[in-house]
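Asker: The following block contains the structure, expressed as structure tokens.
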Amino acid sequence: MKTNETILEAQSRQLLFEDDMVLDGIKKYKSILALARKKEEETNTYGTFTAYVQSINHIADYIREQCEYAAGPKPGRKKAVFKELAKDDPIVVATIVARTIMNSMSTKKKVSDIATNITTRLKEHRGQDEFRRINRKYYDSARKIIDKTSNVEWKRFALKQHAKIAGVDFASHKLDQQIGLSLLEIFVEITGFAHYINIRGSNKHQTKYLEPTQEYLNKIADRDQEFGTTMPNKLPMLIPPTAWDSLTSGGYLNNDLSGPLVRGTTAKYKKELESHNLTEVYNALNTIQKTGFRVNNRVMLVADYLFWEPGVETKTLGQLVTTKEPPDLPPRPVHKDEMDKWKDENPEEFKKWLKARKDSRQEHVRKKSKSFATRDILEIAEKMQDEDSFFFPISLDFRGRSYPIAKLLNVQGNGLSRGLLEYSEPIKYGKNGLFWVKVACANAYGYDKCSFEDRAKWVDDNHQAILNCANSLEFTIDENDEVIIPSFDSKDRALFEEADSPFEFLSACFELKDYWHAPMVDRENFESHFMVGLDASQSGIQNLSALTRDEDGAAKVNLIPGDKPEDLYAQVASKVNEAIDYDLNHERQKEIKVTYDTENNEYISWAKVNRVSYRMTASAT
């Protein structure tokens, strides 16, 4: 919302904003759809997936029925085909058939090619079944590694290679193409999703192709349109969100964008919620929703420059990675024609080389993912940077925790998101404001395993370095309104590069610089837009400790004041490491005792494995 516009004007802009969110969602879904069709993975899209799942049981029932008939004495067409298929689970066969055919429905394919693909997939499945049967441990370990990638073709190839190593002879699973043709006929007959057409080629010979029916295409298009509208690019709101007054009404002006108030719940849980008075919950959420934010433009200029400017190197934010950029794989140690020999002669070196290639690919995927998320965050910030205030609609999870509905750029986003945000309405520091800004600065740097006082002292001790960091990273405007880029090779930005959350730290540096440059007499009245974030320590255990008055538990989760913050996770990890170390250096000890409790007429058994005891009771009757 801008300060020079009325509420009605802002509402009109918000309605257009929400329409754009829905259109962006449809556009994004269409691009996903186009890519899936190109890769022949249409069953991974929402519209086709629905029809695909619905078809499986119908196809499987028919196959099961025909297999039972083929086992009988009566003659029948294609009995040999169904006798062969009787070796397989009908659901598995139906899944292979439906998936193979429906993944390529958008492209006309020869019937013979589709039949070949079906037969090939069925052979591969039988080989994998044999692989699992003869060496389950190897199969499980191979699947665990292979399933980490999303490349379907590579997964299929890799699993086949592992199966061959395990001793599977895929040639022994030879199947006649007649089986593929028969299964294709079943699909056409049972689903009604496709039909055959004959196309005359240049040599005047006719070739049979498979083509989806218009009814099927209309059905998928309707489903895709429906799902496309459920993928809006949810952004912050230009006006305060609609107040929640029911489980289905609140947040965005278009309630369909908001969805239900409580996410991920069962019908039974929703019914239980409806029977309770949630007035206090609504009031709390509506208060949170009224909090206005704006973009911290100084932080955004730095992030924009580091991300988009080619040739700028920084530890804090990777450059834009495009989908065309290949991973930086380690080179082959020898020529590819000599790899088999080198592998046999250097098995350990080969394993290291394979691992290095795998690590490079995973790092490339991680960089791409981080790059795309950063790009999206910066693009949203750019859309919102001219707004004097914007707001986040809020919803709950089943535990009652509140979350912004808007994605990526929000107060619960990553460090970049939080560094880009500040409150739209300023508040005076008063007597304690500076202290908490210093604490937030130390936290963002990573100096947070000590008392609040020590954190504030760390900022005082690094006063000049923090000031230098802010000065070295602040873009300035000259008399010609041109942006002057700061000196990015300056040593003064070392603290920024070292920080755990660089952009939150930079935001704190700018804030402290402004405060320190303010006249002494005005400092208590210094107005700030800065966000100070405070987090609970294992909040579930905090609640349990408070409810049970458990002082020991309360101390471990910082409910009781202490000299320094406690970290229960670290304490648990330490105990686990002790137990692991003990197990590694001692033989496993087992001790079992059984006693009879005459008073309760039951047996009590204790089993002690190493240092851990287990108790179990059982009635004597």
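Asker: If G47 satisfies all but one of (1) open to solvent by 40 Å² or more (accessible area, probe 1.4 Å); (2) modelled with pLDDT under 90, what's the number of the condition it fails?
Answerer: With (1) open to solvent by 40 Å² or more (accessible area, probe 1.4 Å); (2) modelled with pLDDT under 90 applied to G47, the lone miss is (1).
Asker: Hey, among E474, E511, which residue is crowded, with 21+ Cβ neighbours inside 10 Å, acidic (D, E) and within 30 Å of P236 (Cβ to Cβ)?
Answerer: E511
Asker: On the given criteria, is T43 assigned to a loop (DSSP other than H, G, I, E, B) and under 30 Å from S258 (Cα atoms)?
Answerer: In short, no.
Asker: Report yes if L301 is among the aliphatic types (A, V, I, L, M) and touching a residue at least 40 places away in the same chain (Cβ under 8 Å), otherwise no. Give the derivation first.
Answerer: Working: among the aliphatic types (A, V, I, L, M): yes; touching a residue at least 40 places away in the same chain (Cβ under 8 Å): yes.
Criteria met by L301.
Asker: Just checking: which of the helices (runs of 4 or more DSSP H) contained wholly in segment 255-312 hold 3 or more residues that are closer than 20 Å to P502 by Cβ?
Answerer: Of the helices (runs of 4 or more DSSP H) lying wholly inside segment 255-312, those with at least 3 residues that are closer than 20 Å to P502 by Cβ span 297-308.
Asker: Need the failing condition index for V295 against (1) of a type outside the set (D, E); (2) at pLDDT 95 or above; (3) open to solvent by 80 Å² or more (accessible area, probe 1.4 Å), just the number.
Answerer: (3)
Asker: Pairs please, first residue from segment 513-527 and under 24 Å from V299 (Cβ atoms) and touching a residue at least 40 places away in the same chain (Cβ under 8 Å), second anywhere and assigned to a helix (DSSP H, G or I) and aromatic (F, W, Y), Cβ atoms under 6 Å, 6+ apart in sequence or on different chains.
Answerer: F526/Y515
Asker: Let me ask something else. So, in segment 69-121, how many residues would count as being open to solvent by 40 Å² or more (accessible area, probe 1.4 Å), in a loop (DSSP other than H, G, I, E, B) and among the hydroxyl-bearing types (S, T, Y)?
Answerer: Looking only at that region, the number is 2.
Asker: Here's another thing I want to ask about it. Quick check: is even one residue across segment 174-190 part of a helix (DSSP H, G or I), among the aromatic types (F, W, Y), surrounded by 12 or more Cβ atoms within 10 Å (Cβ to Cβ) and modelled with pLDDT of 90 or more?
Answerer: yes
Asker: Criterion first (without any contact (Cβ under 8 Å) to a residue 24 or more places away in the chain, open to solvent by 40 Å² or more (accessible area, probe 1.4 Å) and outside any loop (DSSP other than H, G, I, E, B)) does D460 satisfy it?
Answerer: Values: without any contact (Cβ under 8 Å) to a residue 24 or more places away in the chain: yes; open to solvent by 40 Å² or more (accessible area, probe 1.4 Å): yes; outside any loop (DSSP other than H, G, I, E, B): yes.
So D460 fits the description; yes.
Asker: Name the single residue, out of those in segment 1-38 being without any contact (Cβ under 8 Å) to a residue 40 or more places away in the chain and part of a loop (DSSP other than H, G, I, E, B), that is farthest from R99 (Cα to Cα).
Answerer: Restricting to residues being without any contact (Cβ under 8 Å) to a residue 40 or more places away in the chain and part of a loop (DSSP other than H, G, I, E, B), the top hit is N4.
Asker: Looking at L285, L238, L257, L253, which one is open to solvent by 30 Å² or more (accessible area, probe 1.4 Å), touching a residue at least 40 places away in the same chain (Cβ under 8 Å) and more than 30 Å from T119 (Cβ to Cβ)? Write out each step before concluding.
Answerer: On the way: L285 fails: open to solvent by 30 Å² or more (accessible area, probe 1.4 Å); L238 fails: open to solvent by 30 Å² or more (accessible area, probe 1.4 Å); L257 fails: open to solvent by 30 Å² or more (accessible area, probe 1.4 Å).
Matching residue, one of L285, L238, L257, L253: L253.
Asker: Got a sec? Which of D500, D481 is closer than 18 Å to V439 by Cα and not in a helix (DSSP H, G or I)?
Answerer: Numbers: D481 fails: closer than 18 Å to V439 by Cα.
Going through D500, D481 in turn, just one is closer than 18 Å to V439 by Cα and not in a helix (DSSP H, G or I): D500.
Asker: (1) in contact with a Lys or Arg (Cβ under 6 Å, 6 or more places away or on another chain); (2) modelled with pLDDT of 85 or more: which one isn't true of N283, the others all being true?
Answerer: Here N283 clears every test but (1).
Asker: Cβ contacts < 9 Å: first residue closer than 18 Å to F503 by Cα, restricted to segment 362-378; second residue basic (K, R) and open to solvent by 50 Å² or more (accessible area, probe 1.4 Å), any location; separation 6+ or different chain. Result?
Answerer: D376/K407
Asker: How do the pairs read when you match residues in segment 58-83 that are more than 19 Å from D176 (Cβ to Cβ) with residues anywhere that are assigned to a helix (DSSP H, G or I) and of a type in the set (S, T, N, Q), using Cβ under 9 Å and keeping only pairs 6 or more apart or on different chains?
Answerer: Correct list of pairs: H58/T191; I59/T95; I59/T191; A60/T95.
Asker: Pairs please, first residue from segment 155-184 and touching a residue at least 40 places away in the same chain (Cβ under 8 Å) and over 24 Å from I145 (Cβ atoms), second anywhere and hydroxyl-bearing (S, T, Y) and open to solvent by 20 Å² or more (accessible area, probe 1.4 Å), Cβ atoms under 7 Å, 6+ apart in sequence or on different chains.
Answerer: Q177/T116; G180/T116
The values are calculated or read from the model by the stated rules, or taken from the named source; none is laboratory data. Model, not experiment: these values are computed from the prediction. Every residue, glycine among them, receives a Cβ derived from its backbone with ideal geometry; neighbour counts consider all protein chains shown. Each accessible area value is taken on the protein alone, full model and side chains, heavy atoms only, with ligands, DNA and RNA left out. Shrake-Rupley method; radii C 1.70, N 1.55, O 1.52, S 1.80 Å.
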